[in-house]
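The values are calculated or read from the model by the stated rules, or taken from the named source; none is laboratory data. Remember, it's a predicted structure, so these values are computed and weren't measured experimentally. As a convention, Cβ positions derive from the backbone with ideal geometry for all residues, glycine included, and neighbour counts pool all protein chains shown. Remember, those area values only see protein heavy atoms, side chains included, never the ligands or the DNA or RNA. Shrake-Rupley method; radii C 1.70, N 1.55, O 1.52, S 1.80 Å.
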Amino acid sequence: MSSEFLRMLNTSDYASIISMNLFVALLCACIVIGHLLEDHRWANESITALLIGLCTGEIILWISRGKSSHLLVFSEDLFFIYLLPPIIFNAGFQVKKKRFFVNFMTIMMFGAIGTLISCSIISFGVIQIFKRLGFSELDLGDAIAIGAIFAATDSVCTLQVLNQDETPLLYSLVFGEGVVNDATSVVLFNAIKSFDLERLDHGLALKFFGNFLYLFIASTMLGVLGGLLSAYIIKKLYFGRHSTDREVALMMLMAYLTYILAELWYLSGILTVFFCGIVMSHYTWHNVTESSRITTKHSFATLSFVAETFLFLYVGMDALDMEKWRFVSDRPGTSVVVSSVLLALVLIGRAAFVFPLSFLSNLTKNSPNEKISFRQQVIIWWAGLMRGAVSMALAYNQFTMSGHTQLRFNAIMITSTITVVLVSTMVFGMMTKPLIRFLLPLSPVPKRKNSMANLDDTSPKSVTVPFLGDSQGSEADIDVNDFHRPSSLRDLLTTPTHTVHRLWRKFDNAVMRPVFGGRGFVPVCPTLPNQNDGQPQPQPQ
């Protein structure tokens with residue numbers, strides 16, 4: 001009996017079943033412990049999952065007496081294809097649109113230009129310092145790739161350490177920058193691998209910039225088109241007449257389809273699914289029935305939450321994969337020095353663009369309330385120091401083959417990346433909430449709101465107002481002063497945000513909503529005869 005059990009234990013199928021059981025149990029533990037630590041100002045769910053993953057890995061290593069070298073091998077496919085899309089989509093679906101687009105130029109400066117500055121500084125530092133550490137095999141392509149790897153912030157952890165309601169400016173800047181930053185890092189990393197950097201000339205630089213710009217624009221447009229297509233289909237076909245499940249399924253699948261298409265066409269799936277989420281929240285979500293709105297609201301949030309928890313648990317357990325650490329066990333001092341250098345370069349690289357670009361952004365703001373104060377700049381700098389799964393995925397892509405590595409330099413880079421991710425997530429992540437309370441005492445970080453809290457409110461408004469809240473839509477979140485028409489070109493230049501938004505609302509009401517629906521459109525559903533009560537009438541077809 002025992003021999004049969006051992007033989008069963010050695011089979012890959014049975015081992016995978018054990019792994020899945022372990023992971024599901026650990027996910028439940030993360031949820032319970034995260035709930036118990038809800039009021040703790042130092043902890044958040046990502047750090048909790050990371051620590052549980054590390055502790056579990058240590059226990060398994062102790063039980064196997066160090067023989068288990070592959071607890072979990074980090075898989076780029078699992079991360080990029082299954083875990084990242086629901087997280088980024090839900091973030092776009094929930095983001096406060098007005099706040100995001102009012103700060104759009106600042107977000108793009110931080111996310112695109114800032115990432116390039118950070119990447120350049122990290123790459124330059126790596127070239128200067130690593131050569132002195134004896135890494136003669138380091139070439140220019142590896143150095144720039146390392147810059148792109150460690151320029152990628154952890155937008156997932158940012159969701160948990162900043163609060164959208166209490167610190168809206170900080171949240172929109174740091175998280176918006178994080179999404180653009182991740183996309184920029186991935187695009188930059190892929191562009192580096194596709195160009196011959198040994199032959200640098202002006203033509204190559206222009207081609208690189210053109211390719212970079214094309215990927216950004218094409219990825220964004222694909223997400224927008226995917227969101228508009230889903231809105232048009234649901235508006236025209238009225239799936240809710242027969243089944244709300246079809247509406248929910250179509251929204252999920254259309255969002256995922258845009259992401260997969262972006263990856264298939266070598267675009268940035270991160271940007272694509274993020275803007276698809278924004279467009280769906282503006283049009284598609286208003287075209288479905290009330291029950292579908294509630295379902296999609298909590299389904300997207302739940303999928304994102306589970307993916308986030310799974311991701312950090314996964315990273316924590318993979319950090320103890322002994323196969324990678326054995327390659328650097330003979331020179332542990334070198335690995336520590338490399339990790340310290342990379343962490344210092346991350347700190348310097350982020351500071352090099354946050355403060356100068358914040359100064360430039362403030363020059364374009366007329367109102368003191370719109371300017372980024374120095375204390376806010378410090379929080380933006382600090383909150384963006386966390387490195388996460390995007391950095392790990394890019395590092396594995398650059399320095400391993402199928403999850404394994406046979407070169408000492410590559411092994412050192414993998415272990416150093418893991419070290420930087422763990423240290424930055426736990427140290428910087430744990431210190432962010434206290435730092436906000438210290439620097440912005442008038443804006444304390446509240447409890448994380450329960451996504452199911454509003455279900456107790458049975459009033460029609462609780463389910464018919466936009467998912468993003470009263471201040472999210474185009475009408476509700478615009479101040480009366482925003483509607484003035486510029487009397488001169490000077491007014492247009494001095495208040496570009498208000499003017500552009502006014503023109504967009506005019507175009508949106510006249511062209512987009514009659515075609516794609518959105519706020520004010522009430523789907524015809526015979527099973528809900530009172531659904532139109534108290535609601536704006538549908539736009540003319």
Select from segment 274-297 the residues that are among the polar types (S, T, N, Q) and assigned to a helix (DSSP H, G or I) and write down the one among them that is farthest from Phe100 (Cα to Cα).
Ser291
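Can you pull out every residue in segment 137-160 that is under 13 Å from the mean Cα position of the chain (by Cα) and of a type outside the set (D, E, K, R)?
Passing the criteria: Ala152, Thr153, Ser155, Val156, Cys157, Thr158, Leu159, Gln160.
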I need every pair where a residue in segment 133-150 that is part of a loop (DSSP other than H, G, I, E, B) has its Cβ under 7 Å from the Cβ of a residue that is surrounded by fewer than 24 Cβ atoms within 10 Å (Cβ to Cβ), sequence separation at least 6 or different chains.
Phe135/Phe409; Glu137/Phe409; Leu138/Phe130; Leu138/Lys131
Inter-residue pairs, beta-carbon under 9 Å, first within 19 Å of Phe150 (Cα to Cα) and in contact (Cβ under 8 Å) with a residue 60 or more places away in the chain and in segment 412-436, second among the basic types (Lys, Arg) and surrounded by fewer than 17 Cβ atoms within 10 Å (Cβ to Cβ), 6+ apart:
Ile412/Arg331
Identify the residue in segment 98-132 that is buried (at least 17 other Cβ atoms within 10 Å of the Cβ) and within 16 Å of the chain's Cα centre (by Cα) and, among all such residues, is modelled with the lowest pLDDT.
Phe100
For segment 201-247, name all the residues that are charged (D, E, K, R), open to solvent by 40 Å² or more (accessible area, probe 1.4 Å) and out of contact with any Cys (no Cβ under 8 Å at 6 or more places or on another chain).
Asp201, Lys207, Lys236, Asp245, Arg246
I want to confirm something. Restricting to segment 368-395 and keeping residues that are outside any loop (DSSP other than H, G, I, E, B) and farther than 29 Å from Leu422 by Cα, which single residue is least open to solvent (accessible area, probe 1.4 Å)?
Glu370
Would you be able to say whether some residue in segment 352-367 is in contact (Cβ under 8 Å) with a residue 40 or more places away in the chain, open to solvent by 10 Å² or more (accessible area, probe 1.4 Å) and closer than 22 Å to Val427 by Cα?
yes
Scan segment 92-121 for residues that are farther than 24 Å from Asn190 by Cβ and in a helix (DSSP H, G or I) and jot them down.
Phe93, Gln94, Lys97, Lys98, Arg99, Phe100, Phe101, Val102, Phe104, Met105, Thr106
Would you please list the contacts, defined by Cβ atoms under 6 Å and residues six or more apart or on different chains, that run from a residue in segment 199-216 that is at pLDDT 80 or above to a residue that is assigned to a loop (DSSP other than H, G, I, E, B) and surrounded by 13 or more Cβ atoms within 10 Å (Cβ to Cβ)?
Leu215/Leu267; Leu215/Ser268
